[in-house]
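Only the coordinates and a few stated rules stand behind these numbers; no lab work does. In this text, all values refer to a predicted model and were calculated from it rather than measured experimentally. Every residue, glycine as well, gets a Cβ built from its backbone with ideal geometry; the counts of neighbours run over all protein chains shown.
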Amino acid sequence: MSSGLLLVVLLAAVGAVAVLIRPQRASTLDFYLAGRRVGVATNACAICGDYLSAASFMGVAAAVYASGLDGMWYAAGFAAGFVPVLLFVAAPLRRFGEFSIPDFLGKRLGSDGARLTSVAVVQLVILAYLVPQAVASGIIWELAVGRGLGGLPAYTTGVLLSTAAVMLMVALGGMRGTTWTQAVQFLLLLAIFLWLVAVIAASGFSYPDALRELSSRPLANPVDDGGAWRLEPVPNRLDPGAPAFFGEPGGQYGQLEQGALIVSLAMGTAGLPHIMNRYFTSPTGTAARMTTVWVVGLAGLFYVLAGLLGIAARSIVQDASADTPWVDRLTTGGVLRVPEHAMPVLGEVFGGPAGLGAVAVGALLAVLSTIGGLLLASAASWGHDIYERYLNPRATQRQALRAGRGAVVLVAALSAALALAVPPESLSGQFPSIVATMVTWAFVLAGSALTPVFILAIWWRRTTGPGAVAGMATGTAVAVAMGAAGLLLGDAGAAQALLTPTLVSAPCAAAAAVAVSLATRPPKDVDGMWTRMHGTAADRRAVRLARLTMAGLGRRSREHRDGGRR
Amino acid sequence: MHDRHDPGPPAEEHDTPAEVDAAFRTLRRVALGHVAVFTGVLAAVPLLTGALAWWSQGRLFGGMSPMFAMTAFGLYAFFFTVCLAAATLSNAVEERMLGGPGRDAPRGDGPPAA
């Protein structure tokens, strides 16, 4: 019950923040980009809140719990994604300005085709990310509260309440409200991880000793053998025939699969619309670059803690199952049948019902902050790139804002409807593996279709609109075809690598974009756009203006002080 | 009366295409150099397993092998270092090649200040 109360308070708080921080001026710049005045630390925390979904909060510890060392590569791939963002995208993207990825590509390449194609790809990526988050919110409610409101089932209540709360936050608060709630949500997630790692260490638990003990015997996980669960040794993917060990590679991936996963995650981040849109909120390109440095530091700290919790869970659950009946019911031979229960079990073992509630709140926070960013990115794409540009080019600010808010409501309703159409009982045993898997598809799509075109548009003058369209279409087609082949192959051969095909699809997209660009005419005034994107004049103007404002404020305060003395 | 430290009204900031092109080429070298180091280290962590048994089976402290320590902690420190180095260098390049202190001073046809 305390978990349920915590979740209700959380949802009410999200709605209240939206009302309190809603923008006072009615402009699309404020609604979509918080007036481009979000500071480095705030934006870094908000990007982390946006980026770290349920897949990161519960999925990383679960992956380490189930596969040991190989489970850590998921987290490494998620964190690695920001290095290409910093090196190739952050500063030039911000300096070029605009509102969204389609807006950037449309203006940079002078092409309606590039704009409309990227709107389609962006919506696909957002939907692939959004639906599993809505599903996750329903399942978290089901696990933590266990009953619905107003005669609705628990799962439906969770999906509807969380979607409504985030919809309210985004529609009223716009980017400003979303930024602040995401930043606070990330800090709460980090606090929950720090608390768990600290109480586990304070109980006398030694991470190195636990690792030595876990690595001293072959890794074995429960498998469902026609309704009867039994422990089965995990085969070593690097050395067929040999057993896998917790602290050694081979528990989950061969070298090809590992490379494919890392490339997919590392390339995907630069094409995620809800993350890239946040860079437009920085005041300058230099601030956008430094924001990424902070993000890499904060996300790295988060993933280190997630890995430690995965190690602790593997050792502690085994001991707890021997003398705690409710843990024993979740395990076979001392190992959790659903690895994603690792975090809730740790919370309950070290914090009782309040600890379980804290973990449930953390999981829901991770979901809510990600849904908020995705809804806003989708609204920017529909409201700004389609409504304002094509449907009603003479729209007033009020009409454009109404369109943006309408887009938020429609996309939220669509994602809730799709989440409700999924039978939750078929997913509850997989949660959040299904979240992590679908999120990986979003990364694959973004990394295959958007990132190569994005990097070419920023770093290669000859990129053209038709080239970008060809690149996005090729990347999407190759990624979908290879992913479908991987699904059909199931467990056979290179199926795992086919499910993360960016290693192949991104070069195909880049090759198509280059070939078609060379055969078509580049847009006019590339020099002007180059100067805007790679020059720093606008940054310097912004810094100068900020200094002037500070000097003016300082002078006014001194005059006020002197006047007071007289 | 103006404050002595008042930076004055903002001068019209601009970059010429030639300056931007030179800075762009330098920044491209910085990005490619750092991405090469990033890719090399990221690829080396799993690939060393096949070449060096100690990398995945040796023990540094407790049951932690060098590869485990690198994957669990080292990679994140490495990502942060690469990002910090690249950002610092890129900022320095831009500061030096675009809009340096000399550009802040008024230029052109006006008479020298009395």
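So if R0 is 35 Å, what FRET efficiency would A:ALA354 and A:ALA41 give, r being the distance between their Cβ atoms, rounded to the nearest 0.05? Please report the intermediate quantities before stating the final value.
Working: r = 30 Å, r/R0 = 0.85.
It comes out at approximately 0.70.
I need the per residue convex hull volume for region A:114-171, using only the alpha carbons, in cubic angstrom as a whole number.
Working: hull volume 4.9 nm³, N = 58.
Dividing the Cα hull volume of region A:114-171 by its residue count gives 85 Å³.
List every residue whose amide H lies under 5 Å from the amide H of A:TRP229, counting only residues 5 or more places away in sequence or on a different chain, with H placed 1.01 Å from N in the peptide plane.
Placed amide hydrogens put nothing under 5 Å from A:TRP229.
Pop out the ³J(HN,Hα) list for region A:462-478 in order, Karplus 6.51 cos²θ - 1.76 cosθ + 1.60 with θ = phi - 60°, rounded to Hz; leave Gly and Pro as x.
Once rounded to whole Hz, the list reads 7, 4, 10, x, x, x, 5, 4, 4, x, 5, 5, 5, x, 5, 4, 5.
Normalising by the residue count of region B:17-70, find the relative contact order in percent from Cα pairs under 8 Å and 6+ residues apart.
On the way: 22 pairs, mean separation 10.6, N = 54.
The normalised contact order for region B:17-70 reaches 20 percent.
Under the rule of at least 5 residues apart or a separate chain, name every residue whose amide H is placed under 5 Å from the amide H of B:MET64.
Result for B:MET64 returns nothing.
For region A:265-273, what does the Karplus curve 6.51 cos²θ - 1.76 cosθ + 1.60, with θ = phi - 60°, yield as ³J(HN,Hα) per residue in whole Hz, taken in order and with x for Gly and Pro?
So the Karplus estimates, Gly and Pro as x, are 6, 5, 7, x, 4, 5, x, 7, x Hz.
Averaging over all projection directions, find the projected area of the Cα convex hull of chain A and quote it in nm² with one decimal place. Let's see the in-between values first.
Values: hull surface 117.5 nm².
Hull-based average projected area comes out at 29.4 nm².
Could you order the peptides A:527-535, A:258-266, A:548-556 from most to least packed, using the average number of other C-beta atoms within 10 Å per residue? Mind dumping the intermediate values first?
Values: A:527-535: 19.8, A:258-266: 24.7, A:548-556: 12.3.
Packing order, densest peptide first, comes out as A:258-266, A:527-535, A:548-556.
Would you please give the residues with an amide H less than 5 Å from that of A:ASN221, counting only those at least 5 places away or on a separate chain, with H modeled from the backbone geometry?
Those lying under 5 Å, H to H, from A:ASN221 are A:GLU232, A:VAL234.
Counting only other chains, and only Cβ atoms inside 10 Å, what mean value do you get across the residues of A:537-543? Don't skip to the end; give the middle numbers.
Values: counts 10, 3, 4, 11, 6, 2, 4.
Going residue by residue through A:537-543 and averaging, the value is 6.
Taking Cα pairs under 8 Å and at least six residues apart, what relative contact order does chain A come out at, in percent? Intermediate results must be reported in sequence, preceding the final value.
On the way: 1013 pairs, mean separation 156.2, N = 566.
Relative contact order comes out at 28 percent.
Which ³J(HN,Hα) values in Hz, rounded to whole numbers, follow from the phi angles of region A:453-459 under the Karplus curve 6.51 cos²θ - 1.76 cosθ + 1.60, where θ = phi - 60° and Gly and Pro get x?
So the J values, rounded to whole Hz, are 5, 4, 5, 5, 5, 7, 10.
Shielding by partners for A:527-534, please: the mean number of other protein chain Cβ atoms within 10 Å of each residue's Cβ. Write out the running numbers ahead of the final one.
Numbers: counts 5, 1, 0, 5, 10, 2, 2, 12.
Partner-chain Cβ atoms within 10 Å, mean over residues of A:527-534: 5.
Give me a single rounded figure for B:81-94: the average over its residues of other chain Cβ atoms within 10 Å of their Cβ. Before the final figure, lay out each step's value.
On the way: counts 1, 6, 14, 6, 1, 6, 11, 3, 0, 7, 6, 0, 0, 9.
Average per residue, whole number: 5.
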